[in-house]
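The block underneath contains the structure these notes are about, expressed in structure tokens.
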Amino acid sequence: MPKSSDNSYAHFVTTKTYHQNPYFSDDILAGIMKEELEFYAGKYSFSLLGYVVMPDHLHLICWRDIDEKPDLTISRIMNSIKAMTSKRVKRYLFYGQNSHYLDSLTDVGQATQRHFRLLQAGFYDFNIYSESKLAEKLNYMHVNPVKAGLATTRNNYHWSSHKSYFTKGTRN
């Protein structure tokens, strides 16, 4: 686990899709989420220790050095990831050839305005305070697709960081 102070922990974060619709069962939409996770990890210089994109939710574990970036909060990280993922998914659904999820994205708004929601507001955040808790959360996260019947092993689920632990050696 990266160095930590009393105020610096790894975070296990979960966010769900709006009405738990399985938007991320679409590989293109899951790919957009994965790209945004990686983009913001680089942009904000936080460590993405693990993730799994499930059809109706996302788990991730991230860590940032609050001594180096005191203004970078988990809320800012998640708001950025969720906002840009939503924009890109909506753009793909509206201007691409896939309208399968358009009706479920629509919230009734004013007659001249359409409101759309991909992800639920907020997220669940759990502070990881030890190596054993980190291992527990990584295991929970990576076995999730197997328990859900989406993969036969942790290693053959495409939208997970599990493979990277064994194919590239160390994580950042």
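The values are calculated or read from the model by the stated rules, or taken from the named source; none is laboratory data. Quick caveat, the model's predicted, so the values are computed rather than measured. Ideal geometry is used to build each Cβ from the backbone, glycine not excepted, and the neighbour counts take in all protein chains shown.
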Expected output for segment 73-85 (first residue free of Cβ contacts under 8 Å to residues at least 40 places away in the same chain, partner among the acidic types (Asp, Glu), Cβ below 9 Å, 6+ apart or cross-chain) is 75/125
May I ask you to list the residues in segment 11-23 that are over 14 Å from residue 54 (Cβ atoms) and modelled with pLDDT under 95? 18, 19
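For every residue, the table says whether it meets (1) touching a Phe, Trp or Tyr at 6+ places or on another chain (Cβ under 8 Å); (2) among the polar types (S, T, N, Q).
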residue: 10; (1), (2): yes, no
residue: 25; (1), (2): no, yes
residue: 29; (1), (2): yes, no
residue: 35; (1), (2): no, no
residue: 45; (1), (2): no, yes
residue: 61; (1), (2): yes, no
residue: 64; (1), (2): yes, no
residue: 71; (1), (2): no, no
Being more than 14 Å from the chain's Cα centre (by Cα), farther than 20 Å from residue 164 by Cα and of a type in the set (Lys, Arg), is that true of even one residue in segment 13-34? no
Just one of 42, 50 is under 10 Å from the mean Cα position of the chain (by Cα) and either modelled with pLDDT of 95 or more or assigned to a strand (DSSP E or B) (or both); which is it? 50
Residues of segment 6-49 being touching a Lys or Arg at 6+ places or on another chain (Cβ under 6 Å), more than 20 Å from residue 127 (Cα to Cα) and either surrounded by 19 or more Cβ atoms within 10 Å (Cβ to Cβ) or among the hydrophobic types (A, V, I, L, M, F, W, C) (or both), in sequence order, are 32
Look at residue 60 and say whether it is buried (at least 16 other Cβ atoms within 10 Å of the Cβ), out of contact with any Asp or Glu (no Cβ under 9 Å at 6 or more places or on another chain) and outside any helix (DSSP H, G or I). yes
